[in-house]
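The values are calculated or read from the model by the stated rules, or taken from the named source; none is laboratory data. Remember, it's a predicted structure, so these values are computed and weren't measured experimentally. For neighbour counting, all protein chains shown are included, and Cβ atoms are generated from backbone atoms with ideal geometry for every residue, glycine included. Accessible surface areas use protein heavy atoms only, side chains included; no ligands, DNA or RNA. Shrake-Rupley method; radii C 1.70, N 1.55, O 1.52, S 1.80 Å.
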Amino acid sequence: MKNKVQAKYFSPFFKYFYKRVREILPQDVQSVVDDFVIRDEPFTQCDINVVISISGVFAGRSVMGMDTRVALELAEIVSGQPIDSFEKDAQSVISELMNIIVGNAVSELGLTIDQIKFTPPTLFYSRAVKTRVSESGFTLMRQMKTGWGKIEFNLSLERTV
């Protein structure tokens, strides 16, 4: 029974990951993995990782990772301007995308600010840095691929109450 409850809470995060990215890149996005994958390790290592920590009735992290080229293309499409390097504007666009995904998921779950809180997005830009997704080691991940590279969404949640 515990897994069914967890799946109920994980699903909106992955739903909005797909939905929001597809809204930006509808013709270029396709699923790489048909189902959730349990990460064997608590780290992800992409060029760019955006982390949002979650606390309240659940504790954990959501991490969206992607190749630099994907981030540049996403930022260019959203901003409507050419972007040659992953500077402030591109970082803001990618961070806000992650914020929207997590915010939409929390809203769908019907959780109030008293029940759940999440931090502003933190962006790491370096393939050399391994980004910790989970303290417990249990992380679900889904990937999408584009013509420019991959995007992955990792989620680690534990019930605290």
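See the values below:
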quantity: Residue check, V5 modelled with pLDDT under 85, part of a helix (DSSP H, G or I) and open to solvent by 20 Å² or more (accessible area, probe 1.4 Å); calculated: yes
quantity: Flag if S85 is assigned to a loop (DSSP other than H, G, I, E, B), in contact with a Pro (Cβ under 8 Å, 6 or more places away or on another chain) and either open to solvent by 30 Å² or more (accessible area, probe 1.4 Å) or on the phi < 0 side of the Ramachandran plot (or both); calculated: no
quantity: Inter-residue pairs, beta-carbon under 8 Å, first under 20 Å from G80 (Cα atoms) and in region 6-24, second of a type in the set (V, I, T), 6+ apart; calculated: R20/I100; R20/I101; V21/V29; V21/I151; R22/V29; I24/I77; I24/V78
quantity: Meets criteria (open to solvent by 10 Å² or more (accessible area, probe 1.4 Å), touching a residue at least 12 places away in the same chain (Cβ under 8 Å), over 16 Å from the mean Cα position of the chain (by Cα) and closer than 17 Å to F13 by Cα) for L97; calculated: no
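Quick grid of which residues meet (1) assigned to a loop (DSSP other than H, G, I, E, B); (2) farther than 15 Å from K150 by Cβ; (3) out of contact with any helix residue (DSSP H, G or I) (no Cβ under 8 Å at 6 or more places or on another chain); (4) at pLDDT below 90:
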{"site": "P26", "(1), (2), (3), (4)": "yes, yes, yes, yes"}
{"site": "I52", "(1), (2), (3), (4)": "no, yes, no, no"}
{"site": "S55", "(1), (2), (3), (4)": "no, yes, yes, yes"}
{"site": "V63", "(1), (2), (3), (4)": "no, no, yes, no"}
{"site": "L72", "(1), (2), (3), (4)": "no, no, no, no"}
